[in-house]
1. Can you pull a Stokes-Einstein diffusion coefficient for the chain at 10 °C (1.306 mPa s), Rh from Kirkwood over Cα pairs, as a whole number of µm²/s?
2. Given Cα pairs under 8 Å that are at least 6 residues apart, what percent is the relative contact order of the chain?
3. Provide the FRET efficiency to the nearest 0.05 for the PHE282-MET385 pair, computing r from the beta carbons and using R0 = 25 Å.
4. Could you list, in their original order, any pairs among LYS92/LYS212; LYS52/LYS389; LYS24/LYS93; LYS97/LYS239; LYS97/LYS313 whose Cα atoms are separated by more than 30 Å?
5. Below 8 Å, C-alpha to C-alpha, sequence gap of six or more: please give me the relative contact order for segment 36-131 in percent.
6. Between LEU330 and GLN216, what is the label-point separation in nm under the 7 Å Cα-to-beta-carbon projection?
7. How high is the FRET efficiency from PHE120 to LYS24, r the C-beta distance, R0 60 Å, rounded to 0.05?
8. Can you give me the distance in nm between label points at LYS52 and ALA395, each placed 7 Å from the Cα along the Cα-to-Cβ direction?
Amino acid sequence: MNKVMNIQLFKNFSSFGVLKKVSKEVWIGWFSSLVEAYNMSIYTFIAPLLAKFIFQDTTTWKALFFSYSLVFIASCFFYPIGAIYYGGVGDKKGRQKTCIYSTLGLAIATGLMGFIPFHFLENSAWIFFLLLICAQYFFSGGEYYGSIVFSLEHSEHKENGFMSSLSCLFAVFGLILANGIAALSLLMNNELGIHICFLIGGIGGMVSYFLKNHCQETPAFIALSKEPLKRVNGLNFIKSECQRIGSVVLLFAFFIVTYNFVFIFLPLIYLERNGTQIFDTFNSLIAYGISLVAAGLIADRLGVEQAMLKGVKLFSIALIPLCYFCDNLLILQVTLAACISLVIAPIHSWILHQFEVQNRCRGIFISSAIAASIFGGSTVPICLMIFEKFHSLVACSIYPLIVSIGSFAYLTFYRKKLKPCLIVQE
C-alpha cells in the first residue's frame, strides 16, 4: 500500500515538474488567457454598478437585465463571426497570427470602454458600450481558443489534463483579478473607478500583444504541408465533420452554461437578496482555481473522458438538491465548481484532439461559434426571467440541468463512435 502511495505521489510531483520544461510560448499563451479572461469578464463584474448609470430610467432589476442583454447580443452575433473568421486565419496563416491580431483588437476595444463618458451621456451611454462589447466578442472569437491552441501545441508533454487545467487556471487568475478590481471600484462608487477597470484591461492586452510578437509558430503548424490548406472549403468541412463539431458544441455548451450559472447568475441573486452592490465571487474563484488543478491531475490518472463523465454526472445529481437546501452562496458555488472542474479542466486537451491538425483551428472555432451563439449570453438573461417569474433557484437550475444531461448522454452513449484524430496519451 505504501509503495502504491509513493508511486502516486511521485506521479503528482512529476506533473508539476513539467512546468520547468515548458517554453516561453506556453507561458505567454497562458498569460494571454489571463488577460483575455480579465477583459471579457470585467464588464460582467462591474455591471451592477454601471447599470444604474447607463439605464437610469428603469428599476434596478430591469437595469441589470438590460445590462447583461448587451452581452447576450454580442455573444450571439459577433463572437461567432470572429470565431469563424479567425478559425480560417489560424489554419491558413498560423496560430501566432491569430493570437496577435485578435489580442490587439481586444485590447483596443476594452481600453476604449474606459474612455466612455457614461455619466455625461446618461441614457445614451449603453449604445457605446454595446458597440465596444460587440468588438470585444468579435476579437475574443479568435483570442481565447487561439491562445489555448497556441500554448497546448507548444507543449509536448503527455500530462494532457494537467496542462489543459493550467490554461484554465490562468483564465481564472484573470477572473479573480477582474473581480477584485471591480469590487474596489464598486466600493469607490464613482465614475473614475469604472474607467480604471477598463483601462487596466487595455494595458494588459497591449502587453500580451507585444509578447506574442516575439513568439515562434507552433511546431504542429510548421510541420504541416501547406498544399492541403489551400483546398479546404468551409462548408464542405462542416458537412464532413458535423458529428465532431456537434460533440464539441455539446461540451462547450456545458462549459459556458455552468460557468455563467455558478459565477454570474448565482451572485446576482444573492446580491439582490442582500441589497448590496458588491459582486463577490473572489473566494469562490480561488476555490475554483484549486479545483481545476486537482481535476487536471485526476484526468491524467483516470483518463480525460472518464474524468469529464464523472464531472457531468456529479453536477447533474447535485444541482437541484444544492439549489433547494443550500442558502450559503460560497458553499453552493464551491461545491458546484468542484463538479464542473472535472469537465472544464481537461476540456481544452480533449477538443485539441477532435480535429486533424490542418483543420484544428477551424473545427474548434466553428464549434465555439455555434455554442456561443446559442448559449453564450443566454444563461443569465434566461435565468433572470425564470427567477423573476417563479422566485425559485430550483426552477432556474432546470436550464443548466438540461444542458448537463445532454452532455452526460453524449459522453455515455455516443462518444465511442468518434475516435480522436490524435490519441490522447494517458
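All of the numbers you see were taken from the coordinates with simple rules; none came from a lab. This structure is a prediction, so every number in the text was calculated from the model and none was measured. Reconstructed Cβ throughout: ideal geometry from the backbone, glycine too, with neighbour counts over all protein chains shown.
1. Estimated diffusion coefficient is 73 µm²/s.
2. Relative contact order here is 26 percent.
3. E between PHE282 and MET385, to the nearest 0.05, is 0.35.
4. Violating the 30 Å Cα-Cα cut-off are LYS97/LYS313.
5. 38
6. 4.6
7. The value I calculate is 0.85.
8. 2.7
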